[in-house]
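Colleague: Starting off with a structure, shown below.
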Amino acid sequence: MLCITWPCCNCSGTTAAALHAGIPQVVCPFMLDQFYWAERMFWIGVATEPLKRNYLLPDENDDDCVREAANMLARAIDHALSPKLKTRASEIAERLSLEDGVLEALKILKEEISCSNSTRH
């Protein structure tokens, strides 16, 4: 399956998956850390400006409100598919693919444990 953009709430897991895949994101946070990740992805240039929840879930269920919500989402998807966002998402994915996060985490843990042990003696 091919995914050309990633509409999501922006929890840390979906954010990381989209970054690793190099896919631009359409973000709509609604709780907790999702607001942080949505803003951060927008700031680094891999996501659209975060959509407000009420843009996608209008209070009224009439045709005009639903049409407006659909148009808002369509505009966000169009923006996510822009060359600028697609290129930036690919660049970030490339940088991530060069990292060995587990190795780095182990190095940091080893250093911290060594520092902790040396301060006790």
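Colleague: Return the residues of segment 37-56 that are of a type outside the set (Ser, Thr, Tyr) and over 18 Å from Leu96 (Cα atoms); say none if nothing qualifies.
Modeller: Ala38, Glu39, Glu49, Pro50, Leu51, Lys52, Arg53, Asn54, Leu56
Colleague: Just name the residue that is nearest to Ile23 (Cα to Cα) out of those in segment 81-97 that are among the hydrophobic types (A, V, I, L, M, F, W, C) and assigned to a helix (DSSP H, G or I).
Modeller: If we take residues in segment 81-97 being among the hydrophobic types (A, V, I, L, M, F, W, C) and assigned to a helix (DSSP H, G or I), then Ala89 is nearest to Ile23 (Cα to Cα).
Colleague: Would you confirm whether or not segment 96-110 contains a residue that is in contact with a helix residue (DSSP H, G or I) (Cβ under 8 Å, 6 or more places away or on another chain), surrounded by fewer than 14 Cβ atoms within 10 Å (Cβ to Cβ) and among the hydroxyl-bearing types (Ser, Thr, Tyr)? Full working, then the answer.
Modeller: Within segment 96-110, the subset in contact with a helix residue (DSSP H, G or I) (Cβ under 8 Å, 6 or more places away or on another chain) is 96-97.
Checking the rest, the ones that are also surrounded by fewer than 14 Cβ atoms within 10 Å (Cβ to Cβ) come to 97.
Keeping just the survivors that are among the hydroxyl-bearing types (Ser, Thr, Tyr) gives 97.
Checking segment 96-110: at least one residue is in contact with a helix residue (DSSP H, G or I) (Cβ under 8 Å, 6 or more places away or on another chain), surrounded by fewer than 14 Cβ atoms within 10 Å (Cβ to Cβ) and among the hydroxyl-bearing types (Ser, Thr, Tyr).
Read the figures in this text as sums done on the coordinates, not as results from a lab. Just so it is clear, the model here is predicted, and its values are computed rather than measured. We place every Cβ from the backbone using ideal geometry, glycine too, and count neighbours over all the protein chains shown.
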